[in-house]
Amino acid sequence: KLQSSMELIVSRESDLENAALELLKFNGKERIICFYGEMGAGKTTFIRYLCKALGVEENVSSPTFSIVNEYWSEKAGVIYHF
């Protein structure tokens, strides 16, 4: 049975790379990941680490004004960041 949520507690940015790898391992083949948090909470910073773990080489930025950003990953294909 696949769990539908997990909690990662990170104290400093240097821990985000390992947290991203843990999330990807936890998530397995699931392709939709939702993040909830106030503006400025660090969601996009964490998503940068997720994209890096998936091999994205382009700049990952907040979609606040563009609504959606699209990135390419050799490992995962197209990644949409809403």
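Summary table below
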{"read-out": "Residue tally, condition more than 9 Å from the chain's Cα centre (by Cα) and open to solvent by 90 Å² or more (accessible area, probe 1.4 Å), over the range 27-51", "value": "7"}
{"read-out": "Of residues in the range 57-72 being outside any loop (DSSP other than H, G, I, E, B) and out of contact with any helix residue (DSSP H, G or I) (no Cβ under 8 Å at 6 or more places or on another chain), the one most open to solvent (accessible area, probe 1.4 Å)", "value": "Trp72"}
{"read-out": "Which numbered condition Lys75 misses (of (1) part of a helix (DSSP H, G or I); (2) open to solvent by 100 Å² or more (accessible area, probe 1.4 Å); (3) touching a Leu at 6+ places or on another chain (Cβ under 7 Å))", "value": "(1)"}
{"read-out": "Scope the range 1-56; condition in a loop (DSSP other than H, G, I, E, B), among the acidic types (Asp, Glu) and under 19 Å from Tyr71 (Cα atoms); matching residues", "value": "Glu30"}
{"read-out": "Odd one out for Tyr80 among (1) in a loop (DSSP other than H, G, I, E, B); (2) more than 19 Å from Met6 (Cβ to Cβ)", "value": "(1)"}
{"read-out": "Residue tally, condition aromatic (Phe, Trp, Tyr) and open to solvent by 90 Å² or more (accessible area, probe 1.4 Å), over the range 1-26", "value": "0"}
{"read-out": "Any pair with Cβ under 7 angstrom, 6 or more apart, that starts in the range 69-82 at a residue that is under 9 Å from Gly55 (Cβ atoms) and among the acidic types (Asp, Glu) and ends at one that is surrounded by 11 or more Cβ atoms within 10 Å (Cβ to Cβ) and modelled with pLDDT of 90 or more", "value": "Glu74/Gly55"}
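The values are calculated or read from the model by the stated rules, or taken from the named source; none is laboratory data. What you are looking at is a predicted structure, and each value in this text was computed from that prediction instead of being measured. Neighbour counts run over all protein chains shown; Cβ positions are idealised from the backbone, glycine included. Surface areas here come from the heavy atoms of the whole protein model, side chains and all, with no ligands, DNA or RNA. Shrake-Rupley method; radii C 1.70, N 1.55, O 1.52, S 1.80 Å.
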